[in-house]
Amino acid sequence: VTLGPWLQLAGADALLPAFATAHSHAFQRGMRGLAQRPGPAGTDDFWTWREAMYRLALSLTPERVLAISRVAFRELRAAGTLTVGEFHYVHHQPDGTPYDDRTVMAEAVIEAAKAEGVRISLLRTIYHRGGPGKPAEGAQRRFSDGDLDDALRDVETLLARHGADADVRVGIAPHSVRAIPPAWLAPIAAFAERHALPLHMHVAEQPAEVAACVAETGRRPVELLAEAGLLGPRFVAVHATHLAPAEAELLGRAGAVACINPTTERDLGDGHPDLASLRAAGVRLCTGIDSHVSTDPFEEMRGIELGERLRTLRRVTDRTTSPTLAERLWRAASLEGARAVGFDDAGGSVVIDREALQLALVDDEHLLDALVFSAGPSVVKGVVPSGNSTAR
Ligand SMILES: [Zn+2]
């Protein structure tokens, strides 16, 4: 029986590398159930959902961020996740004034992760404007950095406070081509390079954002990022939904990663990326829980492939046989996600109940395939951290 390198059987348990979610906005866990009825606009899409998300963002305090994030991380860990990349952008007071302790909101998220026993990479987001020629307004003022140097100093503050913690990483995340003036991109890339930081960015989540980028710069988003020097092995393009094939090639040539967030992208009506182009270009893949609309790492993992089946009207869209499709999907949802946010390994194992009803009638040879395509968090007994992690 070939189980592959990913799966160990131990009595009634099966052990696999723990899940890692490379893209999370923990505070959005506070929105669960709140944006599933028709809104006032007549049509509902990403942009109307964003209004509901902004209302929540305006209400947050450091205490509330801590409380919501603890729920989010507790649920993630119970589902088998040991690592989270937190794309954190609610920095300032509701009117945009920084707190006396400028990084207090980021500290609240880090504290929540440590309290719940998950490793965290705090991806300090840089945000400036509402769009080309549009200042930040409303809730965006909480996100908005008036001055790039102040924002970069916040990253340095977080590095100084947490650099020695084996369970914490710090990265930098220019929010999107919409929120970042083109002139800020190269200095952010240089800063990330100087500190060897994970560099994450929302890329091409919505067609309107791509069109606005072309109108402002004459370039598609990934073309712009390539020119500014952002692309490289530490670059993670979050979503990568509406790319041209040439943009996938730019990511692949740079050794960059694409973070796919299937449950959120479905929920928001974002669309599904052209996975065939990403795979052909050799772009590495990982997964993210993003909006926490549901907490199911199995669903994120298989969502990469199942979305591609819906998009292409085909089955088994990746025909490589070694490693198997299931092995590659598990790797994307565990080790690749952890690496994408700055950790060297998955941080431990997820313990699967081999005797769970969802796995009944499944033989050992097909166990991993069944886990990836047919199981869910109810088969998870727990997680076992390993190595130098102090997450318990
Ligand atoms: Zn996001």
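The values are calculated or read from the model by the stated rules, or taken from the named source; none is laboratory data. Note that the structure is a prediction, hence the values are computed from the model and not measured. Cβ placement follows ideal geometry from the backbone for every residue including glycine, while neighbour counts extend to all protein chains displayed.
Worth a mention:
- Where a residue in the stretch 288-303 is surrounded by fewer than 24 Cβ atoms within 10 Å (Cβ to Cβ) and its partner, wherever it lies, is part of a loop (DSSP other than H, G, I, E, B) and among the polar types (S, T, N, Q), with Cβ under 8 Å and at least six apart: Ser291/Asn261
- Checked against (1) within 26 Å of Val238 (Cα to Cα); (2) more than 15 Å from the ligand (Cβ to nearest atom); (3) in contact with a strand residue (DSSP E or B) (Cβ under 8 Å, 6 or more places away or on another chain), Ala12 passes all but a single condition, namely (1).
- Conditions (1) over 22 Å from Asp147 (Cβ atoms); (2) out of contact with any helix residue (DSSP H, G or I) (no Cβ under 6 Å at 6 or more places or on another chain); (3) not hydrophobic (A, V, I, L, M, F, W, C): number failed by Ser69: (2)
- The condition of being within 16 Å of the ligand (Cβ to nearest atom) and of a type in the set (A, V, I, L, M, F, W, C) holds for only one of Leu56, Leu34, that being Leu56.
- If the condition is being surrounded by fewer than 16 Cβ atoms within 10 Å (Cβ to Cβ) and part of a helix (DSSP H, G or I), then the stretch 218-244 contributes only Glu227.
- First in the stretch 345-368 and touching a residue at least 40 places away in the same chain (Cβ under 8 Å), second anywhere and of a type in the set (S, T, N, Q), Cβ under 6 Å, 6 or more apart: Ala346/Ser334; Gly347/Thr83; Gly347/Ser389; Gly348/Ser386
- Output for the stretch 70-91, where each listed residue is within 16 Å of the ligand (Cβ to nearest atom) and either out of contact with any Asp or Glu (no Cβ under 9 Å at 6 or more places or on another chain) or acidic (Asp, Glu) (or both): Val84, Gly85, Glu86, His88, Tyr89, Val90
- Count of the stretch 201-239 residues which are touching a Pro at 6+ places or on another chain (Cβ under 8 Å) and not basic (Lys, Arg): 15
- Test: residue in the stretch 260-270 that is under 23 Å from His25 (Cβ atoms), away from the ligand (no atom under 16 Å from the Cβ) and in a loop (DSSP other than H, G, I, E, B): no
- Of the numbered criteria (1) touching a Phe, Trp or Tyr at 6+ places or on another chain (Cβ under 9 Å); (2) of a type outside the set (Val, Ile, Thr); (3) at pLDDT below 95; (4) surrounded by fewer than 22 Cβ atoms within 10 Å (Cβ to Cβ), the one Gly146 fails is (1).
- Residue within the stretch 347-362 that is within 30 Å of Gln36 (Cβ to Cβ), within 23 Å of the chain's Cα centre (by Cα), assigned to a loop (DSSP other than H, G, I, E, B) and not aliphatic (A, V, I, L, M) present: no
- Sole residue being outside any loop (DSSP other than H, G, I, E, B) and either more than 16 Å from the ligand (Cβ to nearest atom) or farther than 29 Å from Met201 by Cβ (or both), chosen from Thr43, Thr48, Thr21: Thr48
- Of all the residues in the stretch 233-247, those that are away from the ligand (no atom under 16 Å from the Cβ) and closer than 13 Å to Ile188 by Cβ number 1.
- Qualifying residue in the stretch 351-360 (condition: closer than 19 Å to Asn261 by Cα and touching an Asp or Glu at 6+ places or on another chain (Cβ under 7 Å)): no
- For the stretch 63-81, the condition of being over 21 Å from the mean Cα position of the chain (by Cα), without any contact (Cβ under 8 Å) to a residue 60 or more places away in the chain and surrounded by fewer than 19 Cβ atoms within 10 Å (Cβ to Cβ) holds for at least one residue.
- From the list Glu327, Glu305, Glu300, the lone residue that is of a type in the set (D, E, K, R), within 16 Å of the ligand (Cβ to nearest atom) and either assigned to a helix (DSSP H, G or I) or over 14 Å from the mean Cα position of the chain (by Cα) (or both) is Glu300.
- Test: residue in the stretch 335-349 that is closer than 23 Å to Ala248 by Cβ and among the hydroxyl-bearing types (Ser, Thr, Tyr): no
- The residues of the stretch 59-83 that are aliphatic (A, V, I, L, M) and in contact with a Lys or Arg (Cβ under 7 Å, 6 or more places away or on another chain), listed by number, are Ile68, Val71, Ala72, Leu82.
- The one condition from (1) in a loop (DSSP other than H, G, I, E, B); (2) closer than 25 Å to Leu122 by Cα that Ala338 does not meet is (1).
- In the stretch 252-273, the residue that is surrounded by the fewest Cβ atoms within 10 Å (Cβ to Cβ) out of those that are of a type in the set (A, V, I, L, M, F, W, C) and within 17 Å of the chain's Cα centre (by Cα) is Leu268.
- Identity of the residue in the stretch 1-47, more than 19 Å from Ala139 (Cα to Cα) and of a type in the set (Asp, Glu), that ends up modelled with the lowest pLDDT: Asp44
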